[in-house]
1. Could you state the angle between the C-alpha long axis of helix 222-234 and the longest principal axis of the C-alpha atoms of the chain, as a value from 0 to 90 degrees rounded to the nearest 10?
2. Output the relative contact order of region 109-175, whole-number percent, from Cα pairs under 8 angstrom with separation of 6+ residues.
3. Go ahead and run the numbers for FRET between E39 and K93, Cβ-Cβ distance against an R0 of 45 Å, rounding to 0.05.
4. Work from the charge dipole of region 153-238 (Cβ charges, +1 for Lys and Arg, -1 for Asp and Glu, about the Cα centre) and give the residue of T200, I155, S187 farthest towards its positive end.
5. Ordering I230, I21 from largest to smallest accessible area (1.4 angstrom probe), what's the sequence?
6. By accessible area of protein heavy atoms, probe 1.4 Å, what ranking do M50, M109 get, highest first?
7. Can you tell me the 0 to 90 degree angle between the C-alpha axis of helix 202-214 and the longest principal axis of the chain, rounded to 10?
8. Can you tell me how much longer the chain between N191 and E20 gets when fully stretched, taken as 0.36 nm per residue apart minus their C-alpha distance, in nm with one decimal?
Amino acid sequence: MQNDSQALAPLKPIDHFKQEIVLRKESITKRLPAQCSWEKYQGIVEGAVMNNMDLLECDRKTLLLACLDAAALGLDLNKSMAEADILKVWNGKTRRSEAQFRPRYKGLMKLALQSGEVLKIESRLIYENDEFEIVEGTSPYITHKRKLGNRGEKIGAYCTWTLRNGEVQFEVMSADEILAIRNRSSSKNKNGDLVGPWVTDEAEMWRKTVVRRATKYMPMSPEAARAIHIDNVAEGIV
């Protein structure tokens, strides 16, 4: 039989958080999109925190809203899917840690396809030892011959997409353009150091950056437009 000290052992922070989520059920349910049940949202929030316990240090309202964005857009926070993340970032204005929803490049491409007007979309990196050519004018195109073996340093990235009418379009960004966006990103900690995919998955972020710019020229679903806006604000573009 348990003694009194065992029976009254304090709850772990994650258990306190789970209780808090349940207490907020009524107010949160009113904001959920039609396609997302309360149970699904609850699973999204708890899963995000279990994958990154540092999120418990974030302002609670920002964490719940970040997970609401993921639910509304239908993007999976599972790391193996690589569609989106919830990051802990430092807000210098409010002087607190906040949770920030960030779609990844696979998430943006998934949303771009939802309009039905984009049939295919791809993103690739360009390295200094690759053969890469851009031809502009009335019949623009790009050619990319990938170097086998040592490809050297990353020098750019590009995105290609095929529209329903068969037209193929592309967008290319240089390393300088991509790194300029990286440097003004809000994904930073209290010390001003970058956090999240810019540190752990830099190559993915190069691909995502050019996909995000390419979406300006694509027909987009409302969900894709919302994801782009959220990401633009977080990256300091808007």
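1. Around 80 degrees separate the two axes.
2. 34
3. Computed FRET efficiency for E39 and K93 comes out at 0.80.
4. Checked the options; the winner is S187.
5. Numbers: I230 35, I21 0 Å².
If we order I230, I21 from most to least accessible, we get I230, I21.
6. M50, M109
7. Tilt relative to the chain: about 70 degrees.
8. That pair, N191 and E20, stretches by 58.6 nm at full extension.
The values are calculated or read from the model by the stated rules, or taken from the named source; none is laboratory data. The shown structure was predicted, so the numbers you read here are calculated from the model rather than taken from an experiment. Cβ coordinates were reconstructed from backbone atoms using ideal geometry, including for glycine residues, and neighbour counts include every protein chain displayed. Note: areas computed on protein heavy atoms with side chains; ligands, DNA, RNA excluded. Shrake-Rupley method; radii C 1.70, N 1.55, O 1.52, S 1.80 Å.
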